[in-house]
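Beneath this line is the structure, given in structure tokens, with notes to follow.
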Amino acid sequence: MFGFLGSVLAFFISVPLSIFLAAPYIRKYIAGGVCKSTAKLNGKVVVITGANTGIGKETARDLARRGARVILACRDMVKAETAVSEIRDTTGNQDVFAKKLDLADTKSIREFAENFLKEEKELHILINNAGVMLCPYSKTVDGFEMHLGVNHLGHFLLTFLLIERLKQSAPARIVNVSSMAHHGGKIRFHDLQGEKSYNRGLAYCHSKLANILFTRELAKRLQGSGVTVNALHPGTVSSELARHSSVLYFLSKILPFFLKTPVEGAQTSVHCAVAEELDTVSGKYFSDCKPAYISPQGHNDETARQLWNVSCELLGIHWD
Ligand SMILES: NC(=O)c1ccc[n+]([C@@H]2O[C@H](COP(=O)([O-])OP(=O)(O)OC[C@H]3O[C@@H](n4cnc5c(N)ncnc54)[C@H](OP(=O)(O)O)[C@@H]3O)[C@@H](O)[C@H]2O)c1
């Protein structure tokens, strides 16, 4: 009897104790890769989209700490100004600003770029970070399905408008924040706007695959320009990204232990933006600050070229 009770007691003590002792190792595993570069960015100009919260805000903070002039390109200027004050206070870098950019509106993107080109003579790092996920079916001001419009087409147009300034400022880098969700994506040329069938989870995956294909095609076109472009998966991060799904949002709030913090989630973006060993690396995909596996669809040069051409047509631009 006592032997049985002893075993039960030992079980109830040893299991929680093992979990308690293993917790720091589990947490370190979840936190993932850390950017080891100590590169300074004094004199460098950085633009980060969607930097008023989450991964973008922590990426902005890290690059500000390294001395860069950082422009937070955001749609919500109240949140953006709060983020600017916080970043200035915590880094001591006063050269941090917020500018209005709504990626769901090509007029706003053009206005942002026009003002930027007037005010800034150089651009060394462009981080296409902003994103939406699991939106109920909706369209941007220009009639693009929301995930495709914000996550892909908005950044495609922004990059097009800023590309000459990046080339003039070379060496320069473009960093596209994609996701491992691209593995579930497909470019459905027959129904790009999801009008025939729509699944909000898949719409996110398709847009993140578009980020990978854009990176691939752009890298080819930028060869020899001194501008590199890479894509990345930041990890599964506790942020506001799940705001359109009450279940996911609730889970992310009660299980933060199993998710990366935004600081941890920013590491691969920072790595792609500053790591010295990536000076000439272009067209690649990273996760946890290491090269990562791209889905077979993400390797398809024909799809990448076709997506490029269709994106130009939809946006009414010529980009050779
Ligand atoms: N969190 C993850 O687990 C995870 C995993 C893989 C990939 N990612 C990618 O990481 C990136 C950052 O996501 P996050 O997790 O940091 O999410 P988040 O906290 O929701 O931040 C997203 C940012 O994008 C901005 N944004 C959304 N729509 C915009 C628009 N139309 N114009 C301009 N800005 C807009 C948001 O601005 P508002 O605050 O005004 O809405 C916010 O600043 C996204 O590209 C996402 O796909 C995240």
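Quick note: the coordinates plus some simple rules give every number you see, no bench work behind them. Note that the structure is a prediction, hence the values are computed from the model and not measured. All Cβ positions, even for glycine, are placed from backbone atoms using ideal geometry, and neighbour counts span all protein chains on display.
Miscellaneous remarks
- Sorted fewest first by neighbouring Cβ atoms within 10 angstrom, Trp308, Trp319 come out as Trp319, Trp308.
- Taking Ile55, Ile109, Ile174 as the candidate residues, the one with maximal mean-square fluctuation in a Gaussian network model of the chain, Cα springs under 10 Å, is Ile109.
- Across the stretch 155-195, the residues whose backbone nitrogen lies under 11 Å from the label position 7 Å along the beta-carbon direction of Trp319 are 155-164.
- Computed [θ] at 222 nm, helices only, for the chain once each DSSP H run of length n ≥ 4 contributes -39500 (n - 2.57): -14500 deg cm²/dmol
- Counting only residues at least eight positions apart within a chain, or on another chain, the lysines with an alpha carbon under 29 Å from that of Lys107 are Lys44, Lys57, Lys79, Lys99, Lys118, Lys121, Lys139, Lys167, Lys186, Lys196, Lys208, Lys220.
- Around the amide H of Ala172, modelled in the peptide plane, lie the amide H atoms of Val227, Thr228, all under 5 Å away and 5 or more residues distant in sequence or on another chain.
- Karplus 3J(HN,Hα) series, Hz, for the stretch 143-154 with 6.51 cos²θ - 1.76 cosθ + 1.60 (x for Gly, Pro): x, 8, 3, 4, 5, 4, x, 7, 5, 9, 5, x
- Distance between the 7 Å Cα→Cβ label points at Leu17 and Tyr293: 3.9 nm.
- Built amide H within the under 5 Å cut-off of Ser287, gap 5+: His233, Ala292
- Formal net charge of residues neighbouring Phe112 (Cβ-Cβ distance under 9 Å; K, R +1; D, E -1): 0
- Amide H contacts of Ile127: Val47, Ile48, Thr49, Val175, each under 5 Å away and 5 or more positions distant or on a separate chain (H built 1.01 Å from N in the peptide plane; Pro and chain starts excluded).
- Dividing the mean sequence gap of close Cα pairs (under 8 Å, 6+ apart) by how many residues the stretch 44-200 holds gives a relative contact order of 22 percent.
- The Rg/Rh ratio of the stretch 229-287, with both radii computed over alpha carbons and Rh defined as the Kirkwood radius, is 1.10.
- Converting phi to 3J(HN,Hα) with the Karplus coefficients 6.51, -1.76 and 1.60 and the offset θ = phi - 60°, the stretch 129-134 yields 9, 4, x, 10, 9, 6 Hz in sequence order, with x at every glycine or proline.
- Build a GNM of the chain with springs between Cα atoms under 10 Å apart, and of Lys44, Lys253, Lys167 the one that fluctuates most is Lys253.
- For the chain, modelled as a GNM whose springs connect Cα atoms under 10 angstrom apart, the maximal fluctuation among Gly224, Gly185, Gly283 occurs at Gly224.
- Relative to the Cα centre, the charge distribution of the stretch 202-320, modelled as +1 at Lys and Arg Cβ and -1 at Asp and Glu Cβ, gives a dipole magnitude of about 320 debye.
- FRET E, pair Glu119, Val141, Förster distance 25 Å, beta-carbon r, rounded to 0.05: 0.55
- For the chain, the membrane-span-like helix rule (DSSP H, alpha carbon extent of at least 18 Å along the helix axis, mean Kyte-Doolittle at least 0.0) picks out 2-31, 155-168; this says nothing about an actual membrane.
- Stretchable slack from Asp301 to Lys100, in nm (0.36 nm times residue separation minus alpha-carbon distance): 68.9 nm
- Shape of the stretch 39-315, Cα gyration tensor, a/c cut at 1.5: rounded
- Each residue in Met180, Met133, Met77 was given a count of other beta-carbon atoms within 10 angstrom of its own, and listing them fewest first yields Met77, Met180, Met133.
- Within the chain, percent of DSSP bridges classed antiparallel, to nearest 5: 10 percent
- Taking the number of Cβ atoms within 10 Å of each Cβ as an exposure proxy, the fewest-first ranking of Thr38, Thr228, Thr261 is Thr38, Thr261, Thr228.
- About the centre of its Cα atoms, the chain shows a dipole size close to 440 debye [charges on the beta carbon of Lys, Arg (+1) and Asp, Glu (-1) only; nearest 20 debye].
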